1. Which numbered condition in (1) at pLDDT 85 or above; (2) among the charged types (D, E, K, R); (3) touching an Asp or Glu at 6+ places or on another chain (Cβ under 8 Å) is the only one that K75 fails?
2. Exactly one condition in (1) out of contact with any helix residue (DSSP H, G or I) (no Cβ under 6 Å at 6 or more places or on another chain); (2) at pLDDT below 80; (3) surrounded by 13 or more Cβ atoms within 10 Å (Cβ to Cβ) is false for P26; which is it?
3. Among the residues of segment 41-70, what is the count of those that are of a type in the set (K, R) and in contact with a strand residue (DSSP E or B) (Cβ under 6 Å, 6 or more places away or on another chain)?
4. Kindly provide the set of residues from segment 13-30 that are farther than 18 Å from G66 by Cβ, of a type in the set (A, V, I, L, M) and in contact (Cβ under 8 Å) with a residue 24 or more places away in the chain, ordered by number.
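The values are calculated or read from the model by the stated rules, or taken from the named source; none is laboratory data. What you see is a predicted model; the values in this text were computed from it and never measured. No Cβ is skipped: glycine too gets one built from the backbone with ideal geometry, and neighbour counts run over all protein chains shown.
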Amino acid sequence: MLFSPNCIEWEIACFGISKAGGVFVPMNPILREGEVEYQVTDAQEETMIVHESVYPVVKSIRDKIGLKKIIIIGKKQPDTYKKIREVEFIESIPRVLSGKILRRELIKREREEMGLA
């Protein structure tokens with residue numbers, strides 16, 4: 001049973017379970033304690049792979065579900081997300097008659113605004 005959000009560790013765990021001859025049972029990471037407890041007991045699971053970000057859900061019901069092994073994977077905050085930078089809209093985009101954007105003019109405006117011109 002794999003209880004994890006989509007991340008690289010999910011892919012690795014899925015491949016590992018398949019390679020070891022296990023049965024891959026994915027679980028939605030937004031499930032709550034009661035739903036997780038039902039699925040684990042219904043599937044009669046002995047081992048569960050859990051992402052660190054959803055481990056508190058499993059930890060609170062660990063004694064009720066009777067798992068033999070809990071394998072914790074991942075990081076709480078994946079470092080693969082890019083930071084979103086502030087976007088500034090401009091009044092007009094310099095173009096030639098054919099409609100092509102004049103990148104040099106845009107770069108020149110930006111440098112002037114930053115005081116680098």
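1. With (1) at pLDDT 85 or above; (2) among the charged types (D, E, K, R); (3) touching an Asp or Glu at 6+ places or on another chain (Cβ under 8 Å) applied to K75, the lone miss is (1).
2. Of the numbered conditions (1) out of contact with any helix residue (DSSP H, G or I) (no Cβ under 6 Å at 6 or more places or on another chain); (2) at pLDDT below 80; (3) surrounded by 13 or more Cβ atoms within 10 Å (Cβ to Cβ), the odd one out for P26 is (2).
3. 1
4. A13, I17
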